[in-house]
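Notes for the one structure printed next.
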Amino acid sequence: MSEFLSGFVAIVGRPNTGKSTLVNALVGSKIAITSAHPNTTRHAIRGIVNRDNYQAILVDTPGVHKPKTLLGHRLNAVVGESMDSVDVILMCMPADESFGAGDDFIIAEIAKHPRSKKIAVVTKTDLVNKAELAQKLMSISALAKDFTWDEIVPVSAVIHDQVELLTGLIGGLLSPGPEFYPKDMVSDQGQEKWICELIREAALRDAREELPHSITVTIDEMSQRESEGDKPFFDIHATIHIERDSQRGILLGHQGQRLKDIGTRARADIERILGARIFLGLHIKVSKEWQRDPKLLERLGFGEN
């Protein structure tokens, strides 16, 4: 019997390059929220790929960007920390976008980790034709000036094209090691953090243009009721934090309809994840300039490590 392999894989790239969608596809379960808006991911989320002969722990990082706030600086720090001591670095570059200075910056950061294996993943291949994709693949090798990619792989996570191929290539680059997590585990993300992320995703679905980076969510209270049916029942009260008074009306919508819609969508997602029925109470709070306030960032879960 062949030796068991395991290791950690950092998934990096500019904002909105398909990292979270790819993580969900590789894991085979939704463990990272997705949005068409950049910088949806705010924490290094671990997804776990389990196969008979290997286990790969995927670290889905926030997109590297030019920071304008203290939160932005801390998100970039998360990426740097995630690339330290990993076995494989996987960089996402969308097939439908041109390479730019952001890609060059990330590649220069990747070069600082010579011991890690490196995979270039061309994402969103379903959005281009074969000729455009071939041209993109040929130009990727030249981007890495101080190292050579171990693999260059075109993938569409949306239609699941070449996802299993990429999974196998990742497994082949790992080293002999233990199972870090039980085989039935797909993420190490805590339950409350996951619920906060699902609420934030529901809010971003309608309000991402008006409130692109201003929303964060905290759980105020979560308790289990005596259940009369076959499923447990949870009461969850959460606060959606915004930065300015003027943003309250955007989240509420006409006669509070947008907030009701956010709650309905989030409740359905949370019930599916928990396998339970829930009551979800949402409250809006103005936490002024929270992205720039060190004390507020600490309180909202974005403290320095």
Those residues that are in a loop (DSSP other than H, G, I, E, B) and more than 20 Å from the chain's Cα centre (by Cα), I need them from the range 106-131; list them, please.
111, 112, 113, 114, 115, 116, 128, 129
Residue 103 passes all but one of (1) buried (at least 17 other Cβ atoms within 10 Å of the Cβ); (2) outside any helix (DSSP H, G or I); which number fails?
(2)
Residue pairs, Cβ under 6 Å, 6 or more apart or interchain, first in the range 141-156 and within 13 Å of residue 94 (Cα to Cα) and touching a residue at least 12 places away in the same chain (Cβ under 8 Å), second charged (D, E, K, R) and surrounded by fewer than 17 Cβ atoms within 10 Å (Cβ to Cβ). List them.
156/126
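Could you go through the range 253-268 and let me know if any residue there is modelled with pLDDT under 85 and either within 16 Å of residue 192 (Cα to Cα) or assigned to a helix (DSSP H, G or I) (or both). Please lay out each step first, then the result.
Kept after step one, since they are modelled with pLDDT under 85, are these residues of the range 253-268: none.
There is no residue in the range 253-268 that is modelled with pLDDT under 85 and either within 16 Å of residue 192 (Cα to Cα) or assigned to a helix (DSSP H, G or I) (or both).
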Can you name the condition, by its number, that residue 6 falls short on among (1) buried (at least 21 other Cβ atoms within 10 Å of the Cβ); (2) modelled with pLDDT of 55 or more; (3) outside any loop (DSSP other than H, G, I, E, B)?
(1)
Checked 79, 121 against criteria (modelled with pLDDT of 85 or more and closer than 20 Å to residue 144 by Cβ); the one match is 121
Scan the range 182-196 and report the pairs whose first residue is under 15 Å from residue 218 (Cα atoms) and whose second residue is in a helix (DSSP H, G or I) and at pLDDT 75 or above, with Cβ atoms within less than 7 Å and a gap of 6+ or a chain change.
194/273; 195/270
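The values are calculated or read from the model by the stated rules, or taken from the named source; none is laboratory data. Quick caveat: nothing in here was measured; it's all calculated off a predicted structure. Every residue, glycine among them, receives a Cβ derived from its backbone with ideal geometry; neighbour counts consider all protein chains shown.
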